[in-house]
1. Somewhere in region 324-338, is a residue touching a residue at least 24 places away in the same chain (Cβ under 8 Å) and out of contact with any helix residue (DSSP H, G or I) (no Cβ under 6 Å at 6 or more places or on another chain)?
2. So which residues in region 123-140 are free of Cβ contacts under 8 Å to residues at least 24 places away in the same chain and either closer than 14 Å to residue 207 by Cβ or touching a helix residue (DSSP H, G or I) at 6+ places or on another chain (Cβ under 8 Å) (or both), if there are any at all?
3. Being exposed (fewer than 13 other Cβ atoms within 10 Å of the Cβ) and farther than 17 Å from residue 94 by Cα: is that true of residue 295 here?
4. Identify the single condition in (1) in a helix (DSSP H, G or I); (2) within 24 Å of the chain's Cα centre (by Cα); (3) in contact (Cβ under 8 Å) with a residue 40 or more places away in the chain; (4) more than 22 Å from residue 343 (Cβ to Cβ) that residue 34 does not satisfy, given that it satisfies every other one.
5. Checking the condition buried (at least 19 other Cβ atoms within 10 Å of the Cβ), touching a strand residue (DSSP E or B) at 6+ places or on another chain (Cβ under 9 Å) and under 30 Å from residue 193 (Cβ atoms), which residue from 50, 135 passes?
6. Scan 338, 334, 324 and give me the residue that is outside any helix (DSSP H, G or I) and either out of contact with any strand residue (DSSP E or B) (no Cβ under 7 Å at 6 or more places or on another chain) or crowded, with 19+ Cβ neighbours inside 10 Å (or both).
7. Just to be sure, is residue 53 at pLDDT 95 or above, part of a helix (DSSP H, G or I) and closer than 15 Å to residue 146 by Cβ?
8. Test each condition in (1) closer than 30 Å to residue 39 by Cα; (2) in contact (Cβ under 8 Å) with a residue 60 or more places away in the chain; (3) buried (at least 17 other Cβ atoms within 10 Å of the Cβ) for residue 250 and report the one that comes out false.
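The values are calculated or read from the model by the stated rules, or taken from the named source; none is laboratory data. Model, not experiment: these values are computed from the prediction. Neighbour counts are summed over all protein chains in view; Cβ atoms, including those assigned to glycine, are modelled from backbone coordinates with ideal geometry.
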């Protein structure tokens, strides 16, 4: 069965994962140790960072799909195709990043009452943050700390895509799984505490965030290959039902882990749970896809990036005015503000993206 461009189950999970990340950051603001809130066993998104793992895997999946398509055309345009792929992603990400950057920057300055000189100076120092250069190693003033993910994502594309495009068959079947497992082993054995989410930790000149991005993008490549194999099997009706049960079990177990008090070391296990879930869903072999293929669900999926990027507006306002309120009020406020602002800014962001893409094509920067 062919793999579609959009899958309602995945779009819905993209949105839900973005909410888990908000809960994670909001909860860490008022409950840094993530002590259990309910019955001493349920936390509030202690492992919400797994949402980023989910996003990395998806990005690797669709990167592989694009690279395979270009590889099969058999054109010797590896540099052009690689530049085009990375530049397209960059110019698509930049407008929502810049809009959310100024929203967070404005709120922070109003809360902290910075003067004009300090505001302009901080703005200048924060340019790498705004332009997604934060994970390149340049010094910068952190405004929207969430952009590390997109900065590392672009770096990962730059490193991986040319090889994936040039040597797709060998790369996807041999190099991607081997390198991904080696990087995972390195992170598991060298991180203390054992976790994937040590974003800014350095090994020499390499940040964990960039190692993590490359590793999980490579796993996304493997996920695409596995998904194709699952989709190519002529499953019986009973087998499809069993596959659907497995798919459901995988995503429920991932969500349970996100709200569990288990240690961060389990992130490595549940990374593969997310891997298996994405492979099954995007294979098209499980049941129930038509139920989720709705316009409103696709809209939520598209909204997820903006929700992710704008979340610190609500969190910082809540931190200033609602820090003594009940934690449920704090978290709900953060989520609601993020969603409302995302609904407002997404149309503007989309128009800017469309304009930049049109301009880039006009001057042959992309095709």
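1. Within region 324-338 (the criterion being touching a residue at least 24 places away in the same chain (Cβ under 8 Å) and out of contact with any helix residue (DSSP H, G or I) (no Cβ under 6 Å at 6 or more places or on another chain)), the answer is no, since none of the residues qualifies.
2. 123, 128, 133, 134, 136, 138, 139, 140
3. Here the answer is yes, as residue 295 does meet what is asked.
4. Failing condition for residue 34: (1).
5. Residue meeting the stated conditions: 135.
6. 324
7. yes
8. Tallying (1) closer than 30 Å to residue 39 by Cα; (2) in contact (Cβ under 8 Å) with a residue 60 or more places away in the chain; (3) buried (at least 17 other Cβ atoms within 10 Å of the Cβ), residue 250 fails exactly one: (2).
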